[in-house]
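Colleague: Let me give you the structure first, and then I'll get to my questions.
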Amino acid sequence: MRRVVFSTNLRAFVAILLTAFTLSGCQWETDTRTELERIRDSGVLRIGTLNNQISYYIGPDGPTGLDYDLAQRFADKLGVKLEMQPLFSLSGLFPALKRGDVDLLAAGLTMTPERVREFRAAPAYYYASQILVYKKGQWRPRDLADLAQNKGSLTIVRDSSHEKTLDIVKKDHPTLVWQTIDEIDSEELLRQVAAGVLDYTVADSVDVALSQRIHPDIAVALELTDDEPIGWFMEQSNDDSLYALLIEFFGELKQSGELAKLEEKYFGHVDQFDYVDTRAFLRALETKLPRWEGTFKKYASEFDWRLLAALSYQESHWNPRAVSPTGVRGMMMLTLPTAKSVGVQNRLDPEQSIRGGTDYLRKMVARVPDSIEDHEKVWFALASYNVGFGHMMDARRLTKKQGGNPDAWSDVKQRLPLLRQRKYYRQTRYGYARGDEALLYVENIRRYYQSIIGYEQAHSQPVNSEGIRLVDDWQTITPDELDANANNSVTEAAEQTLDEVLDKTKANKSVSR
C-alpha cells in the first residue's frame with residue numbers, strides 16, 4: 001500500500017511541475033553551441049594573464065607584452081574584442097580557467113607534465129630554462145649538493161613550475177628545503193634577491209635576463225633544467241573547435257615568420273649582459289636623466305622620449321660636452337654635415353643637439369621601406385644612423401640573397417656583421433662597412449630603452465587589475481576606475497606575506513646557529 005501511495009504522489013508532483021513550467025513559458029534548454037561559437041556570439045575573447053614585462057603591461061604607448069600582442073592577433077582572427085584579465089598571482093590563473101572566468105591562459109606558463117595532463121596546451125611559442133639566482137658577491141652554490149646545505153634562504157612562487165622542479169631535486173637531495181610564497185611574482189622575488197633581502201630564488205631564464213637590465217646584481221648560480229616549452233592553456237574538453245583554431249593560429253605565425261618577429265621584439269636584445277655597463281647606466285639614469293627628461297619629451301613628438309634618451313646615452317652618456325676624435329660632438333654626437341642638414345648651429349648646445357638628433361632620426365625612419373612593419377622601422381633607422389642608409393640597404397639585399405627576410409630585423413641583424421668580410425661586401429653596392437658595430441649600436445639602444453621602461457615600472461605603484469577596462473577595442477586604465485584602497489590592500493597583503501617568510505627565515509637561521 002505504501003508503494004502505491006508513493007507512486008501516485010510522485011506522478012502528481014511531476015504533473016504539477018510540468019504544468020508550472022508550461023504556464024510560466026519556461027522550457028528545458030541545452031546550450032549546443034561550440035566553444036568557438038560561444039566566444040564569437042559573446043564578441044569577446046577573455047585572456048587570463050600576469051602583469052609583467054613578458055606577458056602584459058601598460059607601456060608608453062598603451063598595453064603591450066608578448067602575450068598581449070599574440071592575444072590581440074588571435075582575437076582579430078576570431079573577429080572579436082580582446083579582454084585581458086591580469087591576475088595578481090600565478091596561483092589564481094588555473095582556478096580562474098576551471099571556473100570559466102577566462103577562455104585561455106596566456107602568461108608565459110611552462111608546459112609541466114602535471115599541467116599538460118589536466119589542461120590543453122597550445123603549441124610552444126618560446127622556450128626557457130629554470131635558473132637558480134643569487135646576489136652578486138654573496139656565497140654561490142656551485143651544484144645541487146651545495147644548495148642542499150641550505151646556507152641561505154630559498155624562496156619561490158607557490159604553484160609554479162619551479163616548485164615541481166625542486167620536488168624532483170629533493171628526491172636526490174632530501175635535505176633541501178625552501179619556502180613558497182603567494183601574492184608575489186617572480187619579478188618581485190628577483191628584486192628581493194638583488195636587494196639582499198632573500199638569498200636565492202628560481203626564475204625562468206628570460207625573466208632573469210630582463211631583470212638583470214634593472215637589477216644587475218642578480219647573478220646566475222645554477223641552471224636547474226634544460227630549455228622547456230612555454231605555451232598557452234585552455235580547459236580539457238571534447239569540443240575541439242577553439243583548440244583546433246589555436247593550433248592553426250600558432251602554425252600560421254611560425255610559418256609566416258611573425259612569431260620570430262615578436263620574439264625578436266621582446267627578447268632579441270637580452271642575449272648579452274654587461275654588469276659594469278648596466279651599473280653605470282642605472283647610476284646615470286638616476287643622476288643625469290632627470291635633468292634632460294623634459295627636453296627629450298619636448299622634441300619626441302611621434303617617438304617615445306625614452307627611445308631618444310636611450311639613443312643619446314649610447315651616443316654621449318648624456319654628456320652635453322662630449323667630443324670624439326672623429327669630430328662628432330654633443331648630446332646626440334652629430335657630425336658637422338648632419339648638424340647643418342637639421343639646422344643645428346651649436347652642437348654643444350644640449351637642446352639644439354636633442355632637437356637635431358631627433359629630426360635626423362625622423363628622416364632616417366622616413367627612408368625605411370614601407371614593407372617593414374612600423375614597430376621595427378626604428379631599428380633599421382638606427383642602423384642607418386650609425387652605419388649609413390646605403391650599407392643598411394646592402395644588408396637587406398644580402399639577407400634576401402641568402403634566403404632570409406629583408407623586412408625582419410631578426411634576419412637582417414645577422415647579416416650586418418658580414419659587411420666587414422670581403423667575401424660578402426664584394427657582393428654589395430656600397431662595399432665595406434663596420435656592420436658589427438652598427439649591430440651592437442642598435443642592440444645597446446634597445447637594451448637601454450627597455451631598461452628605462454623597466455626602471456619606471458619598478459619604481460611605480462602597482463596597478464589594480466579591477467581598474468583595467470576594455471574601451472573601444474583597447475585595454476585602458478581609467479583613473480576614476482582605480483580603487484586605491486583595493487590596490488593598497490593587495491600590496492599590503494603581498495608585503496605581509498613576504499614579511500612572514502622573512503621572519504621564518506630569520507628564525508631558522510638563528511636556530512641553526
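The values are calculated or read from the model by the stated rules, or taken from the named source; none is laboratory data. Note that the structure is a prediction, hence the values are computed from the model and not measured. Methodologically, a virtual Cβ is constructed for each residue, glycine included, from the backbone with ideal geometry; neighbour enumeration extends over all protein chains shown. Please note that ligands, DNA and RNA were not included when accessible areas were found on the heavy atoms of the full protein model with its side chains. Shrake-Rupley method; radii C 1.70, N 1.55, O 1.52, S 1.80 Å.
Colleague: Probe radius 1.4 Å, ligands and nucleic acids left out: which of Tyr441, Tyr424 has the largest accessible area, and how do the rest follow?
Modeller: Tyr424, Tyr441
Colleague: Separate question: With just the Cα atoms defining each centre, how far is region 93-108 from region 319-391? Give it in Å.
Modeller: What the calculation gives is 46 Å, centre to centre.
Colleague: Right, another one. Answer rounded, prolate or oblate for region 325-421, using the Cα gyration tensor with square roots of eigenvalues a ≥ b ≥ c: rounded when a/c is under 1.5, else prolate when a/b is larger than b/c, else oblate.
Modeller: Prolate.
Colleague: Turning to a different aspect of this structure: Step through the table entries Lys170/Lys254; Lys254/Lys423; Lys254/Lys298; Lys254/Lys400; Lys261/Lys298, compare each Cα-Cα distance with 29 Å, and write down the pairs that go over it.
Modeller: Checking Cα-Cα distances, Lys170/Lys254; Lys254/Lys423; Lys254/Lys298; Lys261/Lys298 exceed 29 Å.
Colleague: Would you tell me the accessible area of Glu373, worked out with a 1.4 angstrom probe on the heavy atoms of the protein chains, in Å² to the nearest 10?
Modeller: Result for Glu373: roughly 50 Å² accessible.
Colleague: Give me the accessible area of Asp227, 1.4 Å probe, in Å² rounded to the nearest 10.
Modeller: For Asp227, solvent-accessible area is about 100 Å².
Colleague: Let me ask something else. Using DSSP to call loops (not H, G, I, E or B), can you name the trypsin sites (Lys or Arg not before Pro) in region 320-384 whose Cβ has at most 14 other Cβ atoms within 10 angstrom?
Modeller: For trypsin sites (Lys or Arg not before Pro) across region 320-384 that sit outside H, G, I, E and B with at most 14 neighbouring Cβ atoms in 10 Å, the list reads Arg321.
Colleague: In addition: Given region 36-174, report the % of alpha carbon pairs whose separation exceeds 19 Å.
Modeller: That tail contains 60 percent of the Cα-Cα pairs.
Colleague: Using the basic label-point model (7 angstrom from Cα toward the beta carbon), what is the His317 to Glu373 distance in nanometres?
Modeller: 3.6 nm
Colleague: Determine the order of Thr335, Thr165 by accessible area, beginning with the largest, at a probe radius of 1.4 Å.
Modeller: Result, largest first: Thr335, Thr165.
Colleague: Then there's this: Determine, from the Cβ-Cβ distance of Lys340 and Ala280 and an R0 of 30 Å, the FRET efficiency 1/(1 + (r/R0)^6), rounded to the nearest 0.05.
Modeller: It comes to 0.40.
Colleague: How far is the Cα center of region 217-273 from the Cα center of region 119-138, in Å?
Modeller: With region 217-273 and region 119-138 each reduced to a Cα centre, they are spaced 12 Å.
Colleague: Let me ask something else. Show Glu264, Glu315 ordered by accessible area, largest first, where the area counts protein heavy atoms only and the probe is 1.4 Å.
Modeller: Greatest to least solvent exposure: Glu315, Glu264.
Colleague: What full-extension length gain, to one decimal in nm, is calculated for Gln149 and Leu245 as 0.36 nm per residue of separation minus the Cα-Cα distance?
Modeller: Contour length minus Cα-Cα distance gives 29.7 nm.
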